[in-house]
Amino acid sequence: MPELPEVETTLRGISPHIQGKKVADVVLRQTKLRWQVNPQLAEILAGQEVLSCRRRAKYLIIGFATGILLIHLGMSGSLRIFTDGDARIDHPDKHDHADIVFADGTVLRYHDPRKFGAILWYEGIAEHHPLLEKLGPEPLSDDFSVEYLYQKFKTQKRAVKLALMDNAVVVGVGNIYANESLFKSGISPHRPADKVKKKECAVLVETIKSVLQRAIETGGSTLRDFVNSDGKSGYFQQEYTVYGRHNEPCVRCGGLVQKEVLGQRGTFYCPNCQK
């Protein structure tokens with residue numbers, strides 16, 4: 001699944017191409033995604049100008065005068081930009097489910113083989129949308145602080161990795177980046193969250209921010225079908241220290257990286273380096 005760095009990479013890729021432009025048409029080839037796409041989307045958006053493009057958690061938010069378009073990439077979704085005259089505009093693939101066509105000929109295309117993503121129209125403030133209103137702070141924001149995380153952890157006895165992956169605690173720290181951040185912080189993914197000391201929270205907050213920032217700088221991870229708006233894969237995967245390295249030598253101690261299933265997700269860790 002595309003995680004926060006992949007979504008941020010996508011945002012940065014598409015924003016310069018659609019910000020300030022007017023929608024000419026919307027072509028829907030498939031409306032049955034995770035939730036039904038509004039079949040009247042072309043009529044709703046026709047003539048409207050893109051006023052803003054931003055991200056909240058793993059959601060892309062495209063702002064218009066009368067509402068927002070909320071886009072989630074699901075398990076395998078991606079957004080591509082095509083400029084006027086590109087022959088591929090007239091030859092969509094079988095999994096190219098929607099095009100937003102702008103007045104200058106630019107096309108924003110939604111591609112999703114598994115159809116677990118979402119394209120939702122909402123006539124209201126983004127923060128009031130049911131999918132967004134109860135989310136925790138952004139991990140790269142000042143709101144995600146040592147004191148905040150320590151207070152959140154104090155009341156939770158579940159495994160620290162599960163707490164980190166809870167969007168009500170902090171958004172966007174998905175499976176890959178939770179594994180990587182816990183390893184770099186020396187914290188076992190199994191340790192109860194309320195047993196993480198404040199000084200360890202300080203290390204963890206700093207590490208999460210640096211890991212995510214590095215992933216954004218390198219264009220995200222190569223995950224199944226994920227590509228950025230130029231059709232290129234990210235290469236943060238080349239820097240994984242534990243994720244996907246089951247039974248390979250730990251980069252610190254040389255012991256073997258272990259894998260277990262925690263909260264139905266693959267959890268990679270070094271039992272020697274993480275306590």
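The values are calculated or read from the model by the stated rules, or taken from the named source; none is laboratory data. This structure is a prediction, so every number in the text was calculated from the model and none was measured. Glycine also receives a Cβ, built like all others from the backbone with ideal geometry; neighbour counts cover every protein chain displayed. To get the accessible areas, we keep the full protein, side chains included, count just its heavy atoms, and leave off ligands, DNA and RNA. Shrake-Rupley method; radii C 1.70, N 1.55, O 1.52, S 1.80 Å.
Brief remarks on what is shown
- Rounded to the nearest 20 debye, the dipole size of the stretch 35-129 about its Cα centre is 540 debye, using +1 on the Cβ of Lys and Arg and -1 on the Cβ of Asp and Glu.
- Measuring nothing but protein heavy atoms, the accessible surface of the chain at 1.4 Å probe radius is 49 percent carbon and sulfur.
- The chain: angle of helix 198-217 to the longest principal axis, Cα-based, in degrees nearest 10: 40
- Highest average first, the peptides 257-269, 7-19 ordered by how many other beta carbon atoms sit within 10 Å of their residues are 7-19, 257-269.
- Segments 128-140, 205-217 sorted - mean Cβ within 10 Å per residue, highest first: 205-217, 128-140
- Charge-dipole axis of the chain as Lys and Arg at +1 and Asp and Glu at -1 on Cβ define it, positive-most pick from 117, 61, 37: 117
- Near the amide H of residue 188, within less than 5 Å, lie the amide hydrogens of 275, all on another chain or at least 5 residues away, with H placed in the peptide plane.
- Rounded to the nearest 20, the Cβ-based charge dipole of the stretch 89-153 about its Cα centre (Lys and Arg +1, Asp and Glu -1) stands at 380 debye.
- In this label model, residue 190 and residue 43 are separated by 5.8 nm, measuring between points 7 Å along each Cα→Cβ vector.
- Taken about its Cα centre, the chain carries a charge dipole of about 1380 debye when Lys and Arg each add +1 at the Cβ and Asp and Glu each add -1 at the Cβ.
- Ranked by how many other beta carbons lie within 10 Å on average, peptides 60-66, 171-177 from highest: 171-177, 60-66
- Relative contact order (%) - criterion: Cα under 8 Å, at least six apart; region: the chain: 19
- Note on the chain: dipole from Cβ charges, positive end direction compared against 262, 174, 70; the farthest Cα belongs to 262.
- Potential lengthening between residue 146 and residue 197 on full extension [0.36 nm per residue; Cα-Cα distance subtracted]: 17.3 nm
- Helix axis angle, 4-18 relative to the chain longest principal axis, alpha carbon, degrees: 20
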